Amino acid sequence: QVQLVESGGGLVQPGGSLRLSCAASGSAASGSIFRAYAMGWYRQAPGKQRELVARITSGGSTNYADSVKGRFTISRDNAKNTVYLQMNSLKPEDTAVYYCNTDPVTIATTRYWGQGTQVTVSS
């Protein structure tokens with residue numbers, strides 16, 4: 001069973017930075033599955049729907065939501081089955097639980113949702 005485990009969240013002041021990690025593990029097939037998919041970072045703020053903020057294809061092409069463009073950078077290390085999200089110039093409105101999963105999320109990959117990692121931006 002493939003697992004996606006997010007880490008790196010925390011409390012940071014406005015203008016600060018955090019680096020999130022998402023590691024795929026739990027199955028001999030997790031590496032090949034991870035490398036086959038475009039991966040995304042999603043976030044869900046209290047009372048709001050989960051939204052995609054950044055995605056990266058298996059080849060390394062990236063896209064960002066307008067709200068984070070120029071501040072967030074997504075990257076992946078296929079050898080480590082890990083995807084990262086570097087977040088700079090953080091704003092209070094970035095406060096949310098951050099998750100990773102494939103993009104798009106399919107019937108097969110919806111089971112991969114992990115616990116997420118909490119990011120709180122506050123002074």
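The values are calculated or read from the model by the stated rules, or taken from the named source; none is laboratory data. Note that the structure is predicted; figures quoted are calculated from it, not measured. Note that each Cβ is placed from the backbone with ideal geometry, even for glycine, and that neighbours are counted across all protein chains shown.
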Taking segment 71-86, which residues are over 11 Å from the mean Cα position of the chain (by Cα) and more than 16 Å from G15 (Cα to Cα)? D77, N78, A79, K80, N81
Given (1) over 22 Å from Q115 (Cβ atoms); (2) assigned to a strand (DSSP E or B), where does G16 come up short, assuming only one miss? (2)
Quick check: is even one residue across segment 48-70 charged (D, E, K, R), modelled with pLDDT of 95 or more and in contact with an Asp or Glu (Cβ under 6 Å, 6 or more places away or on another chain)? yes
Output the residues belonging to segment 83-115 that are of a type outside the set (A, V, I, L, M, F, W, C) and over 19 Å from A38 (Cβ atoms). N88, S89, K91, P92, E93, D94, T95, Q115
